[in-house]
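The values are calculated or read from the model by the stated rules, or taken from the named source; none is laboratory data. None of these values were measured; they are calculated from a predicted model. A quick note on method: Cβ atoms are made from the backbone with ideal geometry, for glycine too, and the neighbour counts reach across all protein chains shown. Side chains included, ligands, DNA and RNA excluded: accessible areas come from the protein's heavy atoms. Shrake-Rupley method; radii C 1.70, N 1.55, O 1.52, S 1.80 Å.
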Amino acid sequence: MARILVVEDNALNIKLFCDLLAAHGHETEAVTDSRDAIDAARAFRPDLVITDIQLPHVSGLELMGLLRNDPDLKAVPIMAVTAYSAQGDDERIRAAGAQAYVSKPISVAKFAATVDELLAASACEPERKAGAAADAETPIEAGQDIAPGGGIDPEPSFG
Ligand code: MN
């Protein structure tokens, strides 16, 4: 399960992407106005950003530049989605900061496989791995709070 921020101005595509990601067990947040994307990313702390390229106000390429120049967000992998795939687009999109891109209309299988690849790749990077290890320690084991000397006071002093 990962947290995925979707930046896309088309409501039908947002529904398609978010339904698909949710079906794969991911938690999603959608932004329709790319001017809100950086603030949303800071608040949501996504494991992956999926951005449309053809966006009003701040284009997908500009947004990727903003993400790459943000100290808190530069490590987050980016998957671009583009309606037009002309010659040279691959280089242009990757140069802007995307690790991968898929063309619209999307192939559901390709979309899901690309998301999985990017999440797996970022999990292998030391910085991200350290974060994942820290997260893994967070869940409370079953029975922990009834173990002897477990640190839970059976008679709270505030009663
Ligand atoms: Mn668009």
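Points to keep in mind about this one:
- Residue count for the range 1-18, restricted to those that are assigned to a helix (DSSP H, G or I) and over 21 Å from His57 (Cα atoms): 4
- Members of the range 19-72 that are within 16 Å of Ala96 (Cβ to Cβ), part of a strand (DSSP E or B) and within 14 Å of the ligand (Cβ to nearest atom): Ile50, Thr51, Asp52
- If you check Ser59, Ser34 for being open to solvent by 20 Å² or more (accessible area, probe 1.4 Å) and among the hydroxyl-bearing types (Ser, Thr, Tyr), only one passes: Ser59.
- Per-region count, the range 39-56, residues small (Gly, Ala, Ser) and either in contact (Cβ under 8 Å) with a residue 60 or more places away in the chain or open to solvent by 60 Å² or more (accessible area, probe 1.4 Å) (or both): 1
- Taken over the range 62-83, the criterion of being open to solvent by 10 Å² or more (accessible area, probe 1.4 Å) and closer than 21 Å to Ala11 by Cβ is satisfied by Ala83 alone.
- Listed by first and then second residue, the pairs with beta-carbon distance under 6 Å, at least 6 apart or on different chains, first residue in the range 7-18 and within 11 Å of the ligand (Cβ to nearest atom), second at pLDDT 95 or above and open to solvent by 40 Å² or more (accessible area, probe 1.4 Å), are Asp9/Thr32; Ile14/Ala30.
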